[in-house]
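The values are calculated or read from the model by the stated rules, or taken from the named source; none is laboratory data. What you are looking at is a predicted structure, and each value in this text was computed from that prediction instead of being measured. All Cβ positions, even for glycine, are placed from backbone atoms using ideal geometry, and neighbour counts span all protein chains on display. Accessible surface is based on the protein model in full, side chains and every heavy atom, while ligands, DNA and RNA are left aside. Shrake-Rupley method; radii C 1.70, N 1.55, O 1.52, S 1.80 Å.
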Amino acid sequence: MNIWRLTLAYLARNALGTALQVALLALGVATITVLLLLGQQLDDRGRSETRGIDLVVGANGSPLQIILSSVFHVDAPTGNIGDRDVDWLREHPLVAGTIPLSMGDSYQGFRIIGTEHSLVEHYAAELREGELWEGNHQVTIGAEVAAATGLAVGDTFHGVHGIASGDGPVRGELHDDHDYEVAGILERRGRVVDRLILGSVESVWHVHGHLHESDANHDHDHGHGHDEAADDDGKTREITALLISYRSPLAAVTLPRMVNSRPGLQAASPAQETSRLIGLLGVGLDALRLFGGVLLGAAVLGLFVGLYTALRQRRHDMMLLRAMGAPKRVLVGQVLLEALLISLLGALLGLALGHLAMELLADGFAQARQMALTGRLLLIEELYLLLGVLGIGLVAALIPAWQAYRIPVANALTKR
Amino acid sequence: MSEILAFHGVQKQYPDRPVIRFPDWRLAAGNHGLVLGPSGCGKSTLLALAGGLLTPERGTIDLNGETISGLTEGERDRRRARLVGLVFQTLHLVSALSIANNLALAQYTAGQPIDRQRIRHLLAAMGLESMTNRMPETLSQGQAQRIAIARALVTRPKLILADEPTSALDDASAKRTASLLLEQAGTCGASLLIATHDHRLRGIFPTVLELEPEPA
Ligand SMILES: Nc1ncnc2c1ncn2[C@@H]1O[C@H](COP(=O)(O)OP(=O)(O)OP(=O)(O)O)[C@@H](O)[C@H]1O
Ligand SMILES: [Mg+2]
């Protein structure tokens, strides 16, 4: 028997009240935990996915959509750009390097990207097995693709026309005529590349059967999307977007303007669009943060009221303890211990709930999956959150603890 | 023979109340005493002073040969925890704990190791073993009081202070409680000091201290 056991006995006897206090705290902590996890990962993804890409050029449309579709691979692309524009950009003196992206097909919901080996270098992705693709029939797949589809090196599959841009795989026309062969599997990077199927730009053209020599003089409508391109028996080599790195910081000033002045082209800065996106999300996150704060405030108030009323009920017990020779600090310690235990339980449960909710969120939404969000991640901020909750739990216990300190021991004999 | 308790010129005054003057008296170790007097004369106050729950404005109180009236509250707490067992009229047990754990709590506050065997033996010796694992709210007032006596004894105190332990009981129960107290105090060699206005106990005790009625 000691103050631990005594405290546990009090908590157990008031199980319903204790459960309520713990639950309220846990909800507040869980909300804030989800916010921390989400905010951190969005920030992190935004930073890591855009690193090394100074500009993305796509077909006319929303720059945000271009970034979402070509960098984060969540949205549908805005359309295609023709090879005259591509060549112009590749040879531009302000441009240091380019990576083409061509998309339009998918396999079991995973995008097939026509590109060059430089994309693999851009992701700093290592091969886990096999080789990088060669020729027009081979692909190299991300770790998540391999895990989800069970594709192994040497397997072949047919792509489906249409890309997964939102929820779940697209059921489109099956390209029976064109087999892809898995040449290699990449190491898991915890980034979007895990969920991509990479092949050559030509392979994507091959699938659609319109590998034609580009007609330099053809006044092609650059703005149309891939779907149309497939139908109108496209007359030109087209790609969906071009990732660009600058030769000098000066390029940031002039190149986007030059790109945008060419008909059908749209330049999008990953850094700008990502911070704009996070700014947009920020409003929602702030509302959620406020909600979590209000919950936590209510929980602390509940804790205070619970301790306060418990102490009134236990006045006699406390007098008895004092009469038996227990010093005041034991009484104060008991109250603080009770507050700490409730806070600790609430905080731990809240952290666990937060991670669970984040994991469900990451698993339940295609966009979250595509951005490789996860609940299986620990942040140092969670430790601060835990300590903070313990701290405010102690603060809530200050007045009840002072009451316990003030209980007059002499009244034990005379008061009923 | 040494004294367990001695009062010298003790005066206590509650705020805005007349001064209560206590006669000089002493209780030899192992002897039992009875404090009698009408309601309001200061019996409970005397026990509180003896147990170090209160300090007097004047005079000295010696407990087990040591003057406790000048000690700090914490020091008095420690003396009380070690030397004194208290039995109250109505305030008996911590409601969240079982009977056995109430006794264990007394050992804890006395700074003693928890001795489950001692608890079992004591309850058995007092015919209370069937209540070992019950909760206080399931006991009758009389049963709870007997458990409170066991709780006061479990730490082997030198002095047991009991305030009105029999006033609420019928003649038979009052006699049984008084003899239980005497018997158990005897087995652990403790002195017993009972404060009461219950004259039924008068014949049983060798030392009787009669307090004057409170001045009007
Ligand atoms: N906490 C207190 N504050 C002020 N006065 C008090 C306090 N406790 C006791 N008194 C007063 O001191 C006097 C003695 O009280 P005490 O409780 O010692 O009497 P008692 O002899 O035990 O009476 P009873 O037989 O009714 O229990 C009474 O006049 C009482 O009103
Ligand atoms: Mg009294």
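Values as computed for the structure displayed
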| item | result |
| --- | --- |
| Helices (runs of 4 or more DSSP H) completely within the range B:111-207 that count 1 or more residues being of a type in the set (Ser, Thr, Tyr) and surrounded by 15 or more Cβ atoms within 10 Å (Cβ to Cβ) | B:171-187 |
| Residue identified as crowded, with 20+ Cβ neighbours inside 10 Å and in the same structural domain as A:ALA326 (by TED's automatic domain parsing) among A:LEU288, A:LEU296 | A:LEU296 |
| Lone qualifier among A:LEU25, A:LEU6, A:LEU89, A:LEU55 - being within 14 Å of another protein chain (Cβ to nearest Cβ), crowded, with 21+ Cβ neighbours inside 10 Å and over 22 Å from the mean Cα position of the chain (by Cα) | A:LEU6 |
| Test set (1) over 17 Å from the mean Cα position of the chain (by Cα); (2) within 13 Å of chain A (Cβ to nearest Cβ) - B:MET131 fails condition number | (2) |
| Selection count where residues are without any contact (Cβ under 8 Å) to a residue 12 or more places away in the chain and within 13 Å of chain A (Cβ to nearest Cβ), scope the range B:39-77 | 5 |
| Given (1) more than 16 Å from the chain's Cα centre (by Cα); (2) away from ligand 1 (no atom under 16 Å from the Cβ); (3) more than 14 Å from chain A (Cβ to nearest Cβ), number of the condition B:SER179 does not satisfy | (1) |
| Test for B:GLY37: is it within 13 Å of ligand 2 (Cβ to nearest atom) and surrounded by fewer than 22 Cβ atoms within 10 Å (Cβ to Cβ) | yes |
| Residues satisfying the stated conditions in the range B:124-153, i.e. closer than 24 Å to A:ALA412 by Cα and in contact (Cβ under 8 Å) with a residue 60 or more places away in the chain | B:ALA148, B:ILE149, B:ARG151, B:ALA152, B:LEU153 |
| Matching entry among B:ARG21, B:ARG17 (being within 16 Å of ligand 2 (Cβ to nearest atom), over 15 Å from B:ILE194 (Cα atoms) and more than 12 Å from chain A (Cβ to nearest Cβ)) | B:ARG17 |
| Filtered residues of the range A:324-339 (kept if among the charged types (D, E, K, R) and open to solvent by less than 20 Å² (accessible area, probe 1.4 Å)) | A:GLU338 |
| Where A:LEU378 falls short, out of the listed (1) out of contact with any Gly (no Cβ under 9 Å at 6 or more places or on another chain); (2) more than 30 Å from A:VAL145 (Cα to Cα); (3) open to solvent by 40 Å² or more (accessible area, probe 1.4 Å) | (2) |
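Results for (1) in contact (Cβ under 8 Å) with a residue 40 or more places away in the chain; (2) part of a helix (DSSP H, G or I); (3) closer than 29 Å to A:GLY297 by Cβ, shown as yes or no for each residue.
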{"position": "A:LEU11", "(1), (2), (3)": "yes, yes, yes"}
{"position": "A:LEU20", "(1), (2), (3)": "yes, yes, yes"}
{"position": "A:THR31", "(1), (2), (3)": "yes, yes, yes"}
{"position": "A:LEU36", "(1), (2), (3)": "yes, yes, yes"}
{"position": "A:GLY39", "(1), (2), (3)": "yes, yes, yes"}
{"position": "A:GLY46", "(1), (2), (3)": "yes, yes, no"}
{"position": "A:GLU49", "(1), (2), (3)": "yes, yes, no"}
{"position": "A:GLY58", "(1), (2), (3)": "yes, no, no"}
{"position": "A:GLY61", "(1), (2), (3)": "yes, no, no"}
